[in-house]
Amino acid sequence: MRYAVVIEKAGDNYAAYVPDLPGCIATAATLEEAEREIASAIRFHLDGLAEDGIAVPAPVSQARFMEV
C-alpha cells in the first residue's frame with residue numbers, strides 16, 4: 001500500500017503524520033530522519049492493527065503541489 005505522508009518543519013525539528021492512519025506520527029531532527037521514522041511508524045501501526053484484528057484502512061488521501 002502507498003500512504004500519503006505530511007512532513008512539516010516544527011521549530012528545530014520535523015514532524016510527520018499519515019492522514020489515513022490517525023495516531024501514526026513521527027518526529028526527527030532532520031527531514032531524512034523524519035522520512036525513515038515515519039516509514040517505521042507506518043509498519044508498526046499496521047502491525048498493531050493486524051494484531052488487534054482491526055481492518056487496515058485503505059489509503060485514500062492524496063497530496064498535490066499547487067503553483068500560486
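FYI, it's all coordinate maths here, none of it is from the lab. Quick caveat: nothing in here was measured; it's all calculated off a predicted structure. Using ideal geometry, Cβ is built from the backbone for each residue, glycine included, and neighbour counts are taken over all protein chains shown.
Points to keep in mind about this one:
- Wholly enclosed strands (runs of 3 or more DSSP E) of the range 1-56 bearing at least 1 residues loosely packed, with under 11 Cβ neighbours inside 10 Å, in contact with a strand residue (DSSP E or B) (Cβ under 9 Å, 6 or more places away or on another chain) and without any contact (Cβ under 8 Å) to a residue 60 or more places away in the chain: 6-10
- Going through (1) under 16 Å from Arg2 (Cα atoms); (2) within 9 Å of the chain's Cα centre (by Cα); (3) of a type outside the set (S, T, N, Q) one by one, Ala58 falls short only on (2).
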